[in-house]
Amino acid sequence: MSIRPLPRVLVDQIAAGEVVERPAGAVKELVENAVDAGATQIEVHIADGGRSLVSVRDNGLGIAPDELGLAVSPHATSKIATVHDLDAILTMGFRGEALASIGAVSRLTVRSQCKSAQEGGEIRVEGGRMGDVRPWSGAQGTIVEAEDLFHNIPARAAFLKSPRAEAMRVGETLMAMALAHPTVGLRFVVDGKQRFDYPANEDTTQRVAAVTGIPVDALLRLQAEEAAGQLVGCLARPEFARHGTRGVHLILNGRPILDRSLTHAIREGLRGLIEPTTLPPAVLWISVPPDRVDVNVHPTKSEVRLRDGSALFSMIRMAVRRALDEANLVPKMPLPQQLDEVKTAWPARAPSNISPSSAAGLETGLSSSPTSEKAPGFDFGPVTRSVRAVERILVLRDSFLVLEEADALVVIDQHALHERMMFERLKDRVGQGELPRQALLVPEPIQIGAEAVELLPQWQPLLTRLGIEVVELGPGSAAVQSFPVLLLERKVSPGPFVEDLLSRAVSKHLPPEPEAALDEVLDMMACKAAIKAGDCLSDAELEDLLAQREAIERSTNCPHGRPTTIRIPVEDLERRFHRR
Amino acid sequence: MDGPILPVETTMPSTATAMKIVCDRTALADAVSLVSGVVAARSPSPVLQCLRITAGDGQLRFSATDLEIGVAQTIDEVDVQQEGEVLVPADKLSQIVKASDDPTLTLEAEGDRLRIRGLGSNWSLHGFPVSEAPEVEDFDESITADYEVPAVILRKQIQRTLFAAANEQSRYAINGVLFERSGQTLRCVATDGRRLALSSCSCEKTTDQDGNTIVPSKALQLLGKLLDARAQGEVRVSIRDGRAHFGIGHGSRNATITSTLVEGSFPPWSDVVPKDNDIHVTMDTSSLAGAVRRAALLTSQESRGVKLTFSAGNLVITSRAPDTGEAEIRVDCNYDGDELSIGFNPGYLTDALKIIDSPEIILSLKGPQKPGVLKADGEFIYVVMPVSLD
């Protein structure tokens, strides 16, 4: 077989494949072009999942008729003139291949009316072959229509999903774009039916609420400014956390990007308030100097290389923490959910340890509704302070502490709260130096497998900080020589704990970065050391625990992300008893 | 035992259980509280939370079991008017007997009920059929005990070791005290993996068979209490059928504790006791104990450790709790070497210092990362591992 140069059309098709894998890819490129053209209103129509039609109409600057031909040629762009300009890329579609790529795999029509030109123009591209520019007149802006996408690449067409699924992907892409450009109006129409219409010049929080469906008052504002960059953003309250990272939108210099490290920064900021595999929806607009970021890493530009990654990481983490600290984080239970939980979690008959007198007391407390007795404008202060208002504590099944606060019934999971407390104290202590470690009389042998033994040298510095000393004994076995005094006092056995820890390290359940792994290991320690559900606490222990609750910053969730406290506001009770 | 203990299987006519006795309340309270110690706080079976009282032959026998440990005790401060038996909840009986201020109490069984009468008080306590109670053995006097130890000595052996025993689920073999008998020597050893207490005494050999037995902590706690009350005579120890049997006293004032043994092999303690510690400091027991206690005041759960710094003629004990403060306690000692610092969990030191009754102890060290050894009166050895402090 001889080697020949590829025909031109084929080269374009291959290039197109990198950018335009499916209709959503085409839509993304076209919308980015529209934003670059200064559009304030963009409309996207698709038909048959984008296969028979993708149309993007904008009110941007437009393309002059004599530049239309150039616009649809490969690697033509108005945005970069020299290689040096690559260093200062601020616009989206700099690669100059979007229109050409789409033209290579569809029947493309571009119609545009330029502000400066008298007359607009129209050009058609079919299977990569350019037609002549013809006159066209319309409103200022550009309309790009791609029909019969992938008609000349059956293999690609075969990989498309159902029209419904493809339309959903286009919708997701557009929602991400709507978040990336909150001031641009964006309307989306599928097969003639409007899916959404986000108005132009919307307030950013309104836009985030509209796109994510999260109420405005559940969104926390993020803000930070440092040498490495600037950040503004919205973060949904932790109770909106869901699995995966799909709810997280990072917009770097106006470009939606994917970046595991920055996403992890959000999670770090939320540490202790969410389960480790979840994240609440968040939209972060980050601006960094263009020369501090390399966006030309990947054709879809979704991954970038940051020069000040670690500075941005800590900026984001700190901004998230600040926002959470400022917010009142005790999750309020929505009413219907509360009804369900009560039905399933409480026995049908009253628990025997609620005496009639205390039940009666409870009722008077409710009917005399503290909220209505409040002097107008009197502020009871933040919830975390009102523990002092506790009058009596009901301990349910040696697991839950039920207390009364000024305007709510508060249920605390004793294990979760204690765990949270231990975590904060351990973290504080580790910050001041190595944890005191108790040498063991007889090293405790552990079977951990060869892989874990290999990891030992890498983990030893962290283990030493935590007061754990492990020595290798042979292939797959090791021995614990020292163990933190604290864990021994809390009756945690060295062998099983270290085995568990190392097996998590081997199975990559622990993050490889020492700082992140530290917190995870402290989580483990706190959990093992904490009092358990079912442990009967003495009055002194109860008092101590509740006193600490006040002192612990963000004490509303245990490190595993389970809530520590549930508040049932009196209004909810009143509503349930039809008093409202 | 020569009491009229009827076999469990015997179905007795209701009149046979109609016991009636008048008993000295203090003796009754002591016996009830002691035997109740075996009863499990939480048990699925209410019968296992009961105490069995048997009146007969001029004495009163109390027995209870958690199925692993059985305790039986007799008292003779009683006037048995009618022999019989009853099975009643231990905690209620104990509360009643303690709450009463009468010098004597009258106990009458009526079926499964126990009527308790004082001068102006009258309780009727619901019980269970005696036939439901598991059998609790008495020390079998017909079998020769393996060895005998004076009660005061055995009590000391327990005091000096039991505190160091583990209370862990994962390392079962150290959840008890090793009784190692070789010839005329009985060594008791306990460890929780961080410290080890060893106490030796001589025993009266009655059989030739040496042996190692691990006795569960709970059984020894009960035995310790029993010996606190009756530290006279010899305690007969017999290991057979996978159980340890301790027999105390004879006749109408006897007591028996039987217990299952802890399975597993105890760590080889002789490897653990260091032989090359070459720094020896003799110290006044109570002043060292006081100094450690004072320094321990400023330690926290996260930073439990005191630092002992020896310099010529001087020991300085320091501690630091990050959020609370620091302590520095100075004690005189006969140390004359180079400056040496070593950290310990203060709790481990005080645990041992408070059970040592000799006025002086010897602390032997090797270096900051090596185990320390406390020795007293040639019979007590306590190995304690150091804590590394910043």
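The values are calculated or read from the model by the stated rules, or taken from the named source; none is laboratory data. Here the structure is a predicted model, which means the values were calculated and not measured. Virtual Cβ from ideal backbone geometry, glycine too; neighbours counted across all protein chains shown. Protein only, heavy atoms only, side chains kept; ligands, DNA and RNA dropped before computing areas. Shrake-Rupley method; radii C 1.70, N 1.55, O 1.52, S 1.80 Å.
So the values come out like this:
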| quantity | calculated |
| --- | --- |
| Every residue from the range B:124-153 that is within 15 Å of B:Thr207 (Cβ to Cβ), assigned to a loop (DSSP other than H, G, I, E, B), open to solvent by less than 70 Å² (accessible area, probe 1.4 Å) and β-branched (Val, Ile, Thr) | B:Ile143 |
| Considering residues of the range A:447-469 that are more than 34 Å from the chain's Cα centre (by Cα) and under 23 Å from B:Arg194 (Cβ atoms) only, the residue farthest from the other protein chains (Cβ to nearest Cβ) | A:Ile448 |
| The range A:101-115, subset at pLDDT below 85 and open to solvent by 10 Å² or more (accessible area, probe 1.4 Å), residue nearest to A:Lys28 (Cα to Cα) | A:Cys114 |
| Single unsatisfied condition, B:Leu226 versus (1) open to solvent by 10 Å² or more (accessible area, probe 1.4 Å); (2) at pLDDT 90 or above | (1) |
| Long-range neighbours under 8 Å by Cβ, at least six apart or interchain, first residue in a helix (DSSP H, G or I) within the range B:343-367, second polar (S, T, N, Q) and buried (at least 16 other Cβ atoms within 10 Å of the Cβ) | B:Pro346/B:Thr299; B:Pro346/B:Ser319; B:Leu353/B:Thr285 |
| Top-ranked residue in the range B:368-390 [being in a loop (DSSP other than H, G, I, E, B) and within 13 Å of chain A (Cβ to nearest Cβ); ranked as farthest from the chain's Cα centre (by Cα)] | B:Asp390 |
| Residue match in the range A:174-190 (condition: within 18 Å of A:Gln41 (Cα to Cα), within 20 Å of the chain's Cα centre (by Cα), hydroxyl-bearing (Ser, Thr, Tyr) and open to solvent by 30 Å² or more (accessible area, probe 1.4 Å)) | no |
| Residue within the range A:415-435 that is closer than 22 Å to A:Val492 by Cα, in contact with a Phe, Trp or Tyr (Cβ under 9 Å, 6 or more places away or on another chain) and either assigned to a strand (DSSP E or B) or open to solvent by 30 Å² or more (accessible area, probe 1.4 Å) (or both) present | no |
| All positions within the range B:320-339 that are more than 35 Å from the chain's Cα centre (by Cα) and part of a loop (DSSP other than H, G, I, E, B) | B:Pro322, B:Asp323, B:Thr324, B:Asn334, B:Tyr335, B:Asp336, B:Gly337, B:Asp338, B:Glu339 |
| Cross-chain or 6+ apart pairs with Cβ under 8 Å, the range B:24-37 first and touching a residue at least 24 places away in the same chain (Cβ under 8 Å) and not assigned by TED's automatic domain parsing to the domain that holds B:Arg253, then in a loop (DSSP other than H, G, I, E, B) and surrounded by 19 or more Cβ atoms within 10 Å (Cβ to Cβ) | B:Arg25/B:Ser100 |
| Residue that is surrounded by the fewest Cβ atoms within 10 Å (Cβ to Cβ) [pool: residues in the range B:163-201 that are hydroxyl-bearing (Ser, Thr, Tyr) and in contact with a Lys or Arg (Cβ under 8 Å, 6 or more places away or on another chain)] | B:Ser200 |
| Conditions (1) over 17 Å from B:Ala291 (Cβ atoms); (2) in contact with a strand residue (DSSP E or B) (Cβ under 8 Å, 6 or more places away or on another chain); (3) within 13 Å of another protein chain (Cβ to nearest Cβ): number failed by B:Asp323 | (2) |
| Some residue of the range A:418-437 being at pLDDT 85 or above and closer than 15 Å to A:Leu542 by Cβ | yes |
| Among (1) more than 14 Å from every other protein chain (Cβ to nearest Cβ); (2) in contact with a strand residue (DSSP E or B) (Cβ under 9 Å, 6 or more places away or on another chain); (3) not aromatic (Phe, Trp, Tyr) - the single one B:His250 does not satisfy | (2) |
| Residue satisfying all of: in the range A:478-487; more than 8 Å from every other protein chain (Cβ to nearest Cβ), more than 18 Å from A:His418 (Cα to Cα) and open to solvent by less than 10 Å² (accessible area, probe 1.4 Å); nearest to the chain's Cα centre (by Cα) among these | A:Pro484 |
| Hits in the range A:488-503 (condition: surrounded by 20 or more Cβ atoms within 10 Å (Cβ to Cβ) and more than 10 Å from chain B (Cβ to nearest Cβ)) | A:Val498, A:Leu501, A:Leu502 |
| Unmet requirement for A:Cys558, which otherwise passes all of (1) open to solvent by less than 70 Å² (accessible area, probe 1.4 Å); (2) at pLDDT below 80; (3) of a type outside the set (Val, Ile, Thr); (4) more than 14 Å from A:Met422 (Cα to Cα) | (4) |
| Any chance A:Glu145 is closer than 24 Å to A:Asp197 by Cα and modelled with pLDDT under 90 | no |
| Selection count where residues are outside any strand (DSSP E or B) and in contact with a strand residue (DSSP E or B) (Cβ under 7 Å, 6 or more places away or on another chain), scope the range B:49-96 | 10 |
| Some residue of the range A:207-222 being open to solvent by 30 Å² or more (accessible area, probe 1.4 Å) and in a strand (DSSP E or B) | yes |
| Lone unmet requirement of (1) surrounded by fewer than 22 Cβ atoms within 10 Å (Cβ to Cβ); (2) in contact (Cβ under 8 Å) with a residue 40 or more places away in the chain; (3) aliphatic (A, V, I, L, M) for A:Val402 | (2) |
| Complete set of residues in the range A:30-48 that are in contact with a strand residue (DSSP E or B) (Cβ under 7 Å, 6 or more places away or on another chain) and either closer than 18 Å to A:Leu108 by Cβ or part of a strand (DSSP E or B) (or both) | A:Leu30, A:Val31, A:Ala34, A:Ala37, A:Gln41, A:Ile42, A:Glu43, A:Val44, A:His45, A:Ile46, A:Ala47 |
| Candidates A:Val208, A:Val184, filtered to the one that is touching a residue at least 40 places away in the same chain (Cβ under 8 Å) and outside the structural domain of A:Ala64 (by TED's automatic domain parsing) | A:Val208 |
| Criterion: at pLDDT 55 or above, assigned to a helix (DSSP H, G or I) and either open to solvent by 70 Å² or more (accessible area, probe 1.4 Å) or under 20 Å from B:Glu132 (Cβ atoms) (or both) - qualifying residue of B:Val39, B:Val35 | B:Val35 |
| Answer from A:Glu472, A:Glu444 - the residue that is within 9 Å of another protein chain (Cβ to nearest Cβ), open to solvent by 10 Å² or more (accessible area, probe 1.4 Å) and at pLDDT 85 or above | A:Glu444 |
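To keep it simple, each residue is scored yes or no on (1) in contact (Cβ under 8 Å) with a residue 60 or more places away in the chain; (2) not acidic (Asp, Glu).
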residue: A:Leu462; (1), (2): no, yes
residue: A:Gly467; (1), (2): no, yes
residue: A:Val485; (1), (2): no, yes
residue: A:Lys491; (1), (2): no, yes
residue: A:Ser503; (1), (2): no, yes
residue: A:Pro511; (1), (2): yes, yes
residue: A:Asp519; (1), (2): yes, no
residue: A:Lys532; (1), (2): yes, yes
residue: A:Cys536; (1), (2): yes, yes
